[in-house]
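Chemist: I'd like to ask some things about the structure below.
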Amino acid sequence: MTQNDLAASHFQSAGENYAKYRPTYPPELVEFLAAQCKHHNLAVDVGCGTGQFSALIARHFQQVLATDVSASQIENAVSVPNIHFAVEPAEQFSVEDASVDLIVAAQAAHWFDLPSFYQEVRRIAASGCVLALVSYGVLSIDNAKCNDRFRQFYYDEIGPYWPPERQHVDNGYASFDFPFEELSYPAMSIERDWTLEQFLGYVRTWSSVKAAAKEGKASLMDHFAEELAGLWGDPQERRKISWPIAMRLGRI
C-alpha cells in the first residue's frame, strides 16, 4: 500500500467531522506566508482536507489549487470562488510548469513520498516560490488537571495506535530532508476556546482513536472522555486549547 493509499484510508470517511471539529490556522500564518512571496497569482494547498486553510490562502492569492487524496474531504469542502478543489496526489499536480508562487502542505507532508513531491515542487515553482510544510504539535489545555489527564491519554494510552508517520508531526518535521534555502519564521500557535463537546469531538477525529476502536479498544476513548468530563467541570465552560505551530519553510 502506498503512502497515498494509507492517507486516503485514514481520512476517506472523516470529511464531515474534520470540517466540524478540526482547528483552523490563524490568519497571521497566511499573512506571513503571503508576505514571503514575490507574486500572488497561484497557490497550491496540498493535502487540503476540507479546505479550511485553503480559504485563508484564497484571501491573498488570485487562484488556489487545493488537493487531497481523499474524495470525502474534498466533498465536504466549502466552495470559494477562487479555489479549485481536486482529488490528486501530492506527487502530481494539475498545474503548468513554473506557475506557482506558494506551495503549502499543512499537517499533511508526513504522508507524502517526499523525493517525488520535491521533484514536482521544483517543476511547478515560479521564480521566488515559497514552500511551507506546516504542522502543529501536541496541544495543551489551560487547566493543569485536564492537561495532565490529556497527556496521559495521548502518550500512554492512545499513543501506540498512531501510525508511524505521526512521529514527524510531533517533532515538527525536523527530521525531514529539506533541500531548499531555509527561511526563519516567528513563533505562532493555534488557539481555541472550546467546550468539552468540541474538544472531545476533535479528539475523536484522530486516526489513532479510530485504529484503537478497530482493534476492540474503543473503551480507551470512552474512559478518557468520562474522566476528562469529571475534571472539566461544567461541560459548557470554555477552556483555552493551544497547539504550537512548526514549519519547514523554504524558497525554491
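The values are calculated or read from the model by the stated rules, or taken from the named source; none is laboratory data. Only a predicted model underlies this, so the values are computations on that prediction, with no experimental measurement involved. So basically every Cβ, Gly included, is an ideal-geometry build from the backbone, and we count neighbours across all protein chains shown. Note: accessible area is taken over every heavy atom of the protein model, side chains too, but ligands, DNA and RNA are not part of it. Shrake-Rupley method; radii C 1.70, N 1.55, O 1.52, S 1.80 Å.
Chemist: When you go through Ile83, Ile74, Ile141 one by one, which is the residue that is touching a residue at least 40 places away in the same chain (Cβ under 8 Å) and more than 30 Å from Arg239 (Cβ to Cβ)?
Modeler: Details: Ile83 fails: touching a residue at least 40 places away in the same chain (Cβ under 8 Å); Ile141 fails: more than 30 Å from Arg239 (Cβ to Cβ).
Residue meeting the stated conditions: Ile74.
Chemist: I'm checking my understanding of the structure. Among residues of segment 132-156 that are out of contact with any helix residue (DSSP H, G or I) (no Cβ under 6 Å at 6 or more places or on another chain) and assigned to a strand (DSSP E or B), which one is farthest from Val169 (Cα to Cα)?
Modeler: This residue is Val134.
Chemist: Residue by residue through segment 163-175, note down the ones that are assigned to a loop (DSSP other than H, G, I, E, B) and open to solvent by 40 Å² or more (accessible area, probe 1.4 Å).
Modeler: Taking segment 163-175 and keeping what is assigned to a loop (DSSP other than H, G, I, E, B), we get 163-165, 171-175.
Across segment 163-175, the qualifying residues are Pro164, Asn171, Ala174, Ser175.
Chemist: Val78 versus (1) surrounded by fewer than 18 Cβ atoms within 10 Å (Cβ to Cβ); (2) of a type in the set (A, V, I, L, M); (3) touching a strand residue (DSSP E or B) at 6+ places or on another chain (Cβ under 8 Å); (4) more than 21 Å from Phe180 (Cβ to Cβ): which is the lone unmet condition?
Modeler: (3)
Chemist: Another one. Filter segment 176-197 down to residues that are farther than 25 Å from Ala105 by Cβ and in contact with an Asp or Glu (Cβ under 9 Å, 6 or more places away or on another chain) and give me whichever is surrounded by the fewest Cβ atoms within 10 Å (Cβ to Cβ). First the steps, then the outcome.
Modeler: Quick first cut of segment 176-197, residues farther than 25 Å from Ala105 by Cβ only: 193-197.
Checking which are in contact with an Asp or Glu (Cβ under 9 Å, 6 or more places away or on another chain) leaves us with 195-196.
Values: Thr195: 15, Leu196: 20.
The residue in question is Thr195.
Chemist: Spot the failing condition for Arg149; the list is (1) surrounded by fewer than 18 Cβ atoms within 10 Å (Cβ to Cβ); (2) among the charged types (D, E, K, R); (3) over 22 Å from Ile245 (Cα atoms), and only one is missed.
Modeler: Of the numbered conditions (1) surrounded by fewer than 18 Cβ atoms within 10 Å (Cβ to Cβ); (2) among the charged types (D, E, K, R); (3) over 22 Å from Ile245 (Cα atoms), the odd one out for Arg149 is (1).
Chemist: Do we find that Asp113 is at pLDDT 95 or above, surrounded by fewer than 17 Cβ atoms within 10 Å (Cβ to Cβ), over 14 Å from the mean Cα position of the chain (by Cα) and closer than 25 Å to Ser207 by Cβ in this structure?
Modeler: Values: at pLDDT 95 or above: yes; surrounded by fewer than 17 Cβ atoms within 10 Å (Cβ to Cβ): yes; over 14 Å from the mean Cα position of the chain (by Cα): yes; closer than 25 Å to Ser207 by Cβ: yes.
Yes: the conditions hold for Asp113.
Chemist: Here is a further query. Can you name the number of the only condition in (1) at pLDDT below 95; (2) open to solvent by less than 60 Å² (accessible area, probe 1.4 Å) that Leu200 fails?
Modeler: Going through (1) at pLDDT below 95; (2) open to solvent by less than 60 Å² (accessible area, probe 1.4 Å) one by one, Leu200 breaks only (1).
Chemist: Going by the structure shown, is Met221 within 26 Å of Glu31 (Cα to Cα) and not aromatic (Phe, Trp, Tyr)? Let's see the steps before the verdict.
Modeler: On the way: within 26 Å of Glu31 (Cα to Cα): no; not aromatic (Phe, Trp, Tyr): yes.
When the stated conditions are applied, Met221 does not pass them.
Chemist: Looking at segment 130-137, is at least one residue open to solvent by less than 60 Å² (accessible area, probe 1.4 Å), in contact (Cβ under 8 Å) with a residue 40 or more places away in the chain and in contact with a Cys (Cβ under 8 Å, 6 or more places away or on another chain)? It would help to see each step written out before you state the result.
Modeler: The initial filter retains those residues of segment 130-137 that are open to solvent by less than 60 Å² (accessible area, probe 1.4 Å), namely 130-137.
So of that shortlist, the ones also in contact (Cβ under 8 Å) with a residue 40 or more places away in the chain come out as 130-137.
Imposing the further condition that a residue be in contact with a Cys (Cβ under 8 Å, 6 or more places away or on another chain) reduces the set to 130.
For segment 130-137, residues open to solvent by less than 60 Å² (accessible area, probe 1.4 Å), in contact (Cβ under 8 Å) with a residue 40 or more places away in the chain and in contact with a Cys (Cβ under 8 Å, 6 or more places away or on another chain): present.
Chemist: For segment 19-53, give me the residue count where each residue is in contact with a Phe, Trp or Tyr (Cβ under 8 Å, 6 or more places away or on another chain) and not hydrophobic (A, V, I, L, M, F, W, C).
Modeler: The total comes to 13.
Chemist: Something else: Confirm whether Ala213 is of a type outside the set (S, T, N, Q), farther than 25 Å from Ala106 by Cα and surrounded by 15 or more Cβ atoms within 10 Å (Cβ to Cβ). Before the answer, list the steps.
Modeler: Details: of a type outside the set (S, T, N, Q): yes; farther than 25 Å from Ala106 by Cα: yes; surrounded by 15 or more Cβ atoms within 10 Å (Cβ to Cβ): yes.
Yes; evaluated as a whole, the condition is true for this residue.
Chemist: Next question, about the same structure. Could you please let me know if Ile190 is touching a helix residue (DSSP H, G or I) at 6+ places or on another chain (Cβ under 6 Å), of a type in the set (Val, Ile, Thr) and touching a residue at least 60 places away in the same chain (Cβ under 8 Å)? Break it down into steps so the answer makes sense when it comes.
Modeler: Numbers: touching a helix residue (DSSP H, G or I) at 6+ places or on another chain (Cβ under 6 Å): no; of a type in the set (Val, Ile, Thr): yes; touching a residue at least 60 places away in the same chain (Cβ under 8 Å): yes.
No, not satisfied.
Chemist: Could you tell me whether segment 48-66 includes any residue that is charged (D, E, K, R) and within 14 Å of the chain's Cα centre (by Cα)? Break it down into steps so the answer makes sense when it comes.
Modeler: Looking only at segment 48-66, we keep the residues that are charged (D, E, K, R), and these are 59.
This time we only want the ones that are within 14 Å of the chain's Cα centre (by Cα), so: none.
Within segment 48-66 (the criterion being charged (D, E, K, R) and within 14 Å of the chain's Cα centre (by Cα)), the answer is no, since none of the residues qualifies.
Chemist: Say we look at segment 224-247 and pick out the residues that are touching a residue at least 40 places away in the same chain (Cβ under 8 Å) and part of a helix (DSSP H, G or I); which of these is surrounded by the fewest Cβ atoms within 10 Å (Cβ to Cβ)?
Modeler: Keep residues of segment 224-247 that are touching a residue at least 40 places away in the same chain (Cβ under 8 Å), which gives 224, 227-228, 231-232, 235-247.
Right, trim to part of a helix (DSSP H, G or I) and you get 224, 227-228, 231-232.
On the way: Phe224: 20, Glu227: 14, Leu228: 19, Leu231: 16, Trp232: 20.
Looking at the filtered set, the residue picked out is Glu227.
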